[in-house]
Amino acid sequence: MPMDDQQPKLTDQTALWKGSGGQAWVALQELIDQLFQPIEDLLVDAVSSETTRRVLDVGCGTGSTTVAVARRLGAGASCTGIDISEPMIAAARDRAEREGASAIFTVADAQTVPLERASFDAITSRFGVMFFNDPVAAFTNLRGAARPGANLRAVVWRSAAENPFMTAAERAAAPLLPDLPARRPDEPGQFAFADSDRVRRILEESGWSAIDIQPIDVPCAMPESALVRYFTQLGPVGRILQQADDELRGRVVATVRPAFDPYVDGPEVRFTAACWLVGARAT
């Protein structure tokens, strides 16, 4: 799911990802997949084993990780991606069809949808589990769908302070965009799982065991030529610019682009994603 979303209520999340937010991610899916390829590789390695035959990918977005797991597991395996965004699930289905992957995709909220009980060998997520308005209920639902002994492997963001690249656009644009929403710790959004103690409590209360939360620092890169497209279409700045006139948009681009200069290395933009690798086991 989305990397730099703010913390609206669940109803706002649904509206966002069924609408402009989901459409923006579909438009930039190739760039986003490239950006987070190292994290996808990590998760594919983490959930793939000889005994893994059924995998659930939560907040699967446009399906890159789901399809990659299906490709790794091969014939006889089944991978299911779930997301609230209709535009992203449509893109995920197109991807699976193009690649001939044994992956199926469902538009649903993993917090509330009735999932088949004890049916998955592994549950994974690339930035897709931080948006539940009741995370204990969500992870309880997911645990019920996991077979005894099934592993949970998810990557979530650490704090905003540890991820300055992710907030560079909004910090630079703030004087020009007074309506930018404030980030609120612990509410649904990109950094909702920044506090590892909170994540541990959520998993404990939802019945998971063998909880292991490790910090990981993942090098990420994208073409410098895509940078303006990235910050003008994604995240809180991108959402406001969808409604902005050309004059304001030009001022924002001129102000924000220099804020990314520390991350530009020749033809590439490079930064480190400060994340938690969250592991647990269903019992």
Report summary line: Quick shape check on the range 89-161: root eigenvalues a ≥ b ≥ c of the Cα gyration tensor, a/c under 1.5 is rounded, otherwise prolate if a/b tops b/c, else oblate, and it reads oblate
Requested in this report: Evaluate the relative contact order of the chain (contact order divided by residue number), counting alpha-carbon pairs under 8 angstrom at least 6 apart; express in whole percent.
Outcome: 23 percent
Report task. State the volume of the convex hull built on the alpha-carbon positions of the chain, expressed per residue in Å³ and rounded to an integer. Result -> 117 Å³
**Report entry** Computed accessible area, Ile104, all protein chains, 1.4 angstrom probe, square angstrom
**Finding:** 100 Å²
**Report entry** Extension gain (nm, one decimal) between Asp246 and Glu187, 0.36 nm per residue minus Cα-Cα
**Finding:** 18.0 nm
Requested in this report: Enumerate the amide H contacts of Ala280 below 5 Å, restricted to partners 5 or more residues apart or on another chain; note that Pro and chain-start residues carry no placed amide H.
Outcome: Leu152, Asp212
Query - the range 41-138 - percent relative contact order, Cα under 8 Å, separation 6 or more - result: 35 percent
Report task. Choose one of Val107, Leu152, Ala118: the residue whose Cα lies farthest towards the positive end of the charge dipole of the range 1-156 (beta-carbon charges +1 Lys, Arg; -1 Asp, Glu; about the Cα centre). Result -> Ala118
Query raised in the report: Where a ≥ b ≥ c are the square roots of the eigenvalues of the C-alpha gyration tensor, would you call the range 210-256 rounded, which needs a/c under 1.5, or, failing that, prolate if a/b is larger than b/c, or oblate?
Result: prolate
Report task. For the chain, with a Gaussian network of springs between Cα atoms less than 10 Å apart, report the residue from Pro185, Pro87, Pro175 with the top mean-square fluctuation. Result -> Pro175
Query raised in the report: Which length gain, in nm to one decimal place, applies between Gln34 and Ser102 when the Cα-Cα distance is subtracted from 0.36 nm times their residue separation?
Result: 22.3 nm
**Report entry** Approximate shape of the range 154-195 as ellipsoid semi-axes (Cα gyration tensor, √5λ), whole Å, largest first
**Finding:** 21, 12, 7
Query - Using θ = phi - 60° and Karplus 6.51 cos²θ - 1.76 cosθ + 1.60, couplings along the range 29-41 (whole Hz; Gly, Pro as x) - result: 4, 5, 5, 5, 4, 5, 4, 9, 4, x, 6, 4, 4
Query raised in the report: Which is the longest run of the chain containing none of the GluC sites (Glu not before Pro) found in DSSP loop states (not H, G, I, E, B) with at most 16 other C-beta atoms within 10 Å?
Result: 163-283
**Report entry** Length added when fully stretched, Asp212-Thr255, from 0.36 nm per residue minus Cα-Cα
**Finding:** 11.4 nm
Requested in this report: Could you tell me what % of all Cα pairs in the range 151-283 have separations over 19 Å?
Outcome: 57 percent
Query raised in the report: If the convex hull of the alpha-carbon atoms of the range 139-216 is projected onto planes in all directions, what is the mean projected area in square nanometres?
Result: 6.3 nm²
Query raised in the report: Taking the chain as a Gaussian network, Cα atoms linked when under 10 Å apart, which of Cys220, Cys60, Cys79 shows the biggest mean-square fluctuation?
Result: Cys220
Report summary line: Quarter of the surface of the C-alpha convex hull for the range 234-283, i.e. direction-averaged projected area in nm², equals 6.3 nm²
Query raised in the report: So how strong a dipole does the chain carry about its Cα centre when Lys and Arg Cβ are +1 and Asp and Glu Cβ are -1, to the nearest 20 debye?
Result: 500 debye
Query raised in the report: Is the shape of the range 1-151 best called rounded, prolate or oblate, per the rule: a/c under 1.5 gives rounded, else a/b larger than b/c gives prolate, else oblate, with a ≥ b ≥ c the square roots of the Cα gyration tensor eigenvalues?
Result: oblate
Query raised in the report: Using r as the Cβ-Cβ distance of Ser196 and Ala161, and R0 as 22 Å, what FRET efficiency do you calculate, to the nearest 0.05?
Result: 0.95
Report task. Could you list which residues have their amide H under 5 Å from that of Val269, counting only those 5 or more apart in sequence or on another chain, with H placed in the peptide plane? Result -> Met222, Glu224
Requested in this report: Indicate, rounded to the nearest 5 percent, the antiparallel portion of the DSSP beta bridges found entirely in the chain.
Outcome: 55 percent
**Report entry** the range 9-94 - percent relative contact order, Cα under 8 Å, separation 6 or more
**Finding:** 36 percent
Query raised in the report: Counting trypsin sites (Lys or Arg not before Pro) as exposed when in a DSSP loop with at most 16 other beta carbons within 10 Å, what is the longest stretch of the chain free of them?
Result: 118-283
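The values are calculated or read from the model by the stated rules, or taken from the named source; none is laboratory data. Remember, predicted model here, so these are calculated numbers, not experimental data. Neighbour counts are summed over all protein chains in view; Cβ atoms, including those assigned to glycine, are modelled from backbone coordinates with ideal geometry. We work out accessible area using only protein heavy atoms, side chains counted, and drop any ligands, DNA or RNA first. Shrake-Rupley method; radii C 1.70, N 1.55, O 1.52, S 1.80 Å.
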